[in-house]
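The values are calculated or read from the model by the stated rules, or taken from the named source; none is laboratory data. Remember, predicted model here, so these are calculated numbers, not experimental data. Here the Cβ is made from the backbone with ideal geometry for all residues, glycine too, and neighbour counts use every protein chain on show. Heads up: the accessible areas ignore ligands, DNA and RNA and are worked out on the full protein's heavy atoms, side chains in. Shrake-Rupley method; radii C 1.70, N 1.55, O 1.52, S 1.80 Å.
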Amino acid sequence: FRGGVLAETPSNNGITSLMARTLLKGTQTRTAEQIAQQIESVGGHYNSSSGNNTFSVRVEVMKADLKVGMDVLADVIQHPTFPDAEVEWEKQVQIAGIKAEEDKITTVAQNYLRQKLYADHAYALRTNGTLQSVAALKSGDLRKFHEELAVAKNGVIAVFGSVKAEEVRQIAEKAFSKMKAGELALKNVPMPKALAAPIKETEYRNKQQAVMMVGYLGADILNKDFPVLQLIEEASNDLSSRFFVRIREKNALAYFVGARQVPGVVPGPFFFYLGADPKKLVKAQAEFSDEISKLVQDGITEEELARAKQKFLGAEAVRIQSNTEFALSSATNEILGLGFDYNKRIKDIIGKVTLENAREVAKKYFGVPGSVEVIVEPPEKVQPPKKTN
């Protein structure tokens, strides 16, 4: 289903994550224990998940138990009760997770980067929410949120395995025949505003290492530039990347270094990152910034582009060997507008990316006046007071 952080507000931030987990905690005819027993008794598995643009529920069973799996899946999606006790328990689990994020400096850096890059846009929000927003959520809030988003026109059912399509269609139509039609969500999401000037932010944590991230607004997943940015991300991540070779291998300035693009129905963040010894951070920062500048000025090389294409397509081929991953990928691609068969078209799309495309896109997205630089490092040492006679 479409949803996730993009459907949230500062006051209910974290509601998608909480709702997704508590969907599995009881329906009008099944308790949480009965749901678990029915799926696990046939050797199956089930879970739910949420992210920036979507949330999902998955059931995995043997072919012979398809009807059982579909029946439970339909019940969980259409008739959850969100029991107060279960909601309160999961709230505490989520709150503990939010607190734990403060000990992960890479997560701290990402959170601050998104806040500064997106300001009052929904993408500035955290996936798990804040301590205040999650603590305020009630069962009634989850029910209302669920009623708006878990509807037929806002969802996609994907079934992958050794099954016959027509048989699956009949089972699915019967299981979901009474589902509320509703409407497709996130059709008119506001676009994030580009920054007019760079922002630099430093946060302090009592850790033994420092993390630096430099972020930009990327492209939305339907933009023709999105696959090109995926290749730039790939070229910036491997052990032969310009960042890894220069900063880690040649100069031993970083523990890790790379780039990440976050996909979205509106432009998600694209950020470069590194982790370093705080004592080496100033020099690592200089090398890091210089390499980003060179990427903007010259783009990637022919060798980098060829290697990125090979790695990207190889990883995709491996990923869709799993029915679970293939189903999730196809359903997500369909609900977000790429089409369920995007995996068949991506090879041709990637193959047509030229060196000039990559250079133009690098300059277009990273050569802008507005960017966000976030550093998370240990607090400065306080000098002891001088002794006086």
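With respect to Glu316, determine if the residue is out of contact with any Leu (no Cβ under 7 Å at 6 or more places or on another chain), open to solvent by less than 50 Å² (accessible area, probe 1.4 Å) and either acidic (Asp, Glu) or not in a strand (DSSP E or B) (or both). Spelling it out, Glu316 is indeed out of contact with any Leu (no Cβ under 7 Å at 6 or more places or on another chain), open to solvent by less than 50 Å² (accessible area, probe 1.4 Å) and either acidic (Asp, Glu) or not in a strand (DSSP E or B) (or both).
Name, by its number, the condition in (1) under 22 Å from Leu24 (Cα atoms); (2) modelled with pLDDT of 95 or more that does not hold for Ala109. Evaluating Ala109 over (1) under 22 Å from Leu24 (Cα atoms); (2) modelled with pLDDT of 95 or more leaves (1) as the failure.
Return the residues of segment 171-225 that are outside any loop (DSSP other than H, G, I, E, B) and surrounded by fewer than 20 Cβ atoms within 10 Å (Cβ to Cβ); say none if nothing qualifies. Once the filter is applied, which keeps residues that are outside any loop (DSSP other than H, G, I, E, B) and surrounded by fewer than 20 Cβ atoms within 10 Å (Cβ to Cβ), segment 171-225 yields Ile171, Ala172, Glu173, Lys174, Ile199, Lys200, Glu201, Thr202, Glu203, Tyr204.
Taken together, the residues in segment 229-264 that are of a type in the set (A, V, I, L, M) and out of contact with any strand residue (DSSP E or B) (no Cβ under 8 Å at 6 or more places or on another chain) amount to 5. Here Glu33, Glu40 are screened, and the one residue that is within 22 Å of Thr324 (Cβ to Cβ) and acidic (Asp, Glu) is Glu40. Considering only residues that are among the hydroxyl-bearing types (Ser, Thr, Tyr) and open to solvent by less than 20 Å² (accessible area, probe 1.4 Å), which ones fall in segment 326-364? Selection gives Ser329, Ser330. Filtered by the rule that a residue be more than 25 Å from Met212 (Cα to Cα) and basic (Lys, Arg), segment 287-345 gives Arg307, Lys309, Lys311, Arg319, Lys344, Arg345. Of all residues in segment 212-231, those that are without any contact (Cβ under 8 Å) to a residue 60 or more places away in the chain and within 24 Å of Phe256 (Cβ to Cβ) total 0.
For segment 45-63, the condition holds for no residue, the condition being that it is in a helix (DSSP H, G or I), crowded, with 20+ Cβ neighbours inside 10 Å and basic (Lys, Arg). Taking segment 258-301 as the range and being in a strand (DSSP E or B) and either open to solvent by 10 Å² or more (accessible area, probe 1.4 Å) or under 30 Å from Arg2 (Cα atoms) (or both) as the test, the residues that pass are Gly258, Ala259, Arg260, Gln261, Pro269, Phe270, Phe271, Phe272, Tyr273.
Taking (1) open to solvent by less than 80 Å² (accessible area, probe 1.4 Å); (2) within 23 Å of Gly14 (Cβ to Cβ); (3) out of contact with any Gly (no Cβ under 6 Å at 6 or more places or on another chain) in turn, Lys138 satisfies each apart from (1).
Looking at this structure, is Glu86 assigned to a helix (DSSP H, G or I), surrounded by 20 or more Cβ atoms within 10 Å (Cβ to Cβ), of a type in the set (D, E, K, R) and in contact with a Lys or Arg (Cβ under 7 Å, 6 or more places away or on another chain)?
Here the answer is no, as Glu86 does not meet what is asked.
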